[in-house]
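Shown next, in structure tokens, is the structure this report addresses.
The values are calculated or read from the model by the stated rules, or taken from the named source; none is laboratory data. These numbers come from a predicted model, not from an experiment. Because the Cβ atoms are built from the backbone with ideal geometry, glycine has one as well, and the counts that use them run over all protein chains shown.
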Amino acid sequence: MDIGFIGTGGISEAMIRGIVGCAEHKETVLVSKRSSERSARLAAEYSTVRVVDKNQEIVDRSDWVVLAVLPHQAERVIERLQFRASQTMISLVAGLEIAALRRHVSPCENICRMIPLPPIEYAVGPLPIYPRLSEVGSFFERLGTVVPVDDESCFNVFSANSALMANFFEWTAAQARWMEEQGVPSESARCYASAFVYGLATLVNQAPTEQLQGMSEECLTTGGLNEQVLTESRKMGWFEMLRPALDSVLRRLQG
Ligand SMILES: NC(=O)c1ccc[n+]([C@@H]2O[C@H](COP(=O)([O-])OP(=O)(O)OC[C@H]3O[C@@H](n4cnc5c(N)ncnc54)[C@H](OP(=O)(O)O)[C@@H]3O)[C@@H](O)[C@H]2O)c1
């Protein structure tokens with residue numbers, strides 16, 4: 001199964017590294033010449049990756065087509081292309097609904113939306129898929145945690161939540177900065193902060209999902225340091241502050 005990418009941006013690169021580098025997909029991966037430095041680098045690194053000049057040629061030569069251009073570019077790009085009924089289209093484009101995709105890529109009807117995140121490069125991370133096309137779901141199980149979504153309005157909620165990525169990196173970096181301010185050498189502070197989030201994320205990932213809401217309480221000792229920080233953070237409205245930001249991202253996605 002040959003996979004073509006329309007748009008060779010950051011998320012396409014992460015997916016290709018996951019698909020070819022981690023999942024060892026042996027068949028051809030076609031990428032657009034756009035972002036020429038990135039597409040050339042991928043082709044130089046992986047013998048199965050080929051750079052193609054025209055989007056129509058990518059569609060013509062692919063069994064699965066991944067649409068990975070920016071939201072404001074997407075409809076203009078696909079309305080010019082001719083798809084086949086036998087193809088599968090996977091759209092990564094935030095906010096572009098299945099009905100609109102269907103109009104543009106007819107007669108192709110095997111269409112789904114997916115939200116890969118950069119750690120797909122290492123075959124980890126969530127992969128919401130709507131609707132769950134079984135062959136796409138099975139393929140991507142090797143590349144992360146497939147989360148089938150039954151309802152398109154819920155799919156937008158996953159998109160909105162993915163907007164927390166930059167916050168997570170900033171939260172991690174802020175810990176290292178604070179340790180440095182207290183006199184910890186930079187290298188030790190950065191090393192500690194990275195291992196700290198990795199260790200805790202591993203625990204979250206290993207725990208049954210029903211335990212998620214109780215994990216913060218479970219790691220507390222009454223009167224202990226974690227209890228102190230959690231209580232103070234709650235008093236400051238730390239966790240409630242996320243809500244308006246996420247609500248507003250969701251409204252933006254819903255148009
Ligand atoms: N980044 C993420 O973590 C993430 C996660 C999930 C979903 N998404 C979605 O994935 C899509 C891509 O995101 P991104 O972060 O990878 O964006 P990006 O880095 O800006 O990549 C966009 C790509 O589209 C290319 N492009 C623009 N017009 C084109 C055209 N007419 N034909 C072919 N290629 C064209 C650009 O090429 P040039 O550089 O040459 O202009 C670039 O390679 C977005 O719709 C986003 O919502 C992103």
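List of remarks:
- Strands (runs of 3 or more DSSP E) within the range 1-71 that include 2 or more residues within 22 Å of GLY95 (Cβ to Cβ) and within 11 Å of the ligand (Cβ to nearest atom): 3-6, 64-67
- The C-beta contact set for the range 1-19 (first residue under 9 Å from PRO118 (Cβ atoms), second residue near the ligand (Cβ under 6 Å from one of its atoms) and assigned to a helix (DSSP H, G or I), distance under 6 angstrom, 6+ apart or interchain) comprises ALA14/PRO118.
- Per this entry, GLU240 is counted among residues that are farther than 13 Å from VAL157 by Cα and either modelled with pLDDT under 95 or part of a loop (DSSP other than H, G, I, E, B) (or both).
- Candidate set from the range 82-94 (those that are free of Cβ contacts under 8 Å to residues at least 40 places away in the same chain and within 10 Å of the ligand (Cβ to nearest atom)); member that is surrounded by the most Cβ atoms within 10 Å (Cβ to Cβ): SER91
- From the options LEU143, LEU212, residue that is surrounded by 12 or more Cβ atoms within 10 Å (Cβ to Cβ) and either under 30 Å from LEU230 (Cα atoms) or in contact with a strand residue (DSSP E or B) (Cβ under 8 Å, 6 or more places away or on another chain) (or both): LEU143
- Taking residues in the range 38-53 that are touching a residue at least 40 places away in the same chain (Cβ under 8 Å) and in the same structural domain as GLU24 (by TED's automatic domain parsing), and partners anywhere that are within 14 Å of the ligand (Cβ to nearest atom) and part of a loop (DSSP other than H, G, I, E, B), the pairs with Cβ atoms closer than 9 Å and at least 6 places apart or on different chains are VAL52/LYS33.
- Unmet criterion (only one of (1) more than 23 Å from VAL147 (Cα to Cα); (2) within 11 Å of the ligand (Cβ to nearest atom); (3) in contact (Cβ under 8 Å) with a residue 24 or more places away in the chain) for ARG76: (3)
- Pick from the range 72-104, criterion among the basic types (Lys, Arg) and assigned to a loop (DSSP other than H, G, I, E, B), ranking: nearest to ILE11 (Cα to Cα): ARG80
- Residue within the range 104-125 that is surrounded by 21 or more Cβ atoms within 10 Å (Cβ to Cβ) and small (Gly, Ala, Ser) present: no
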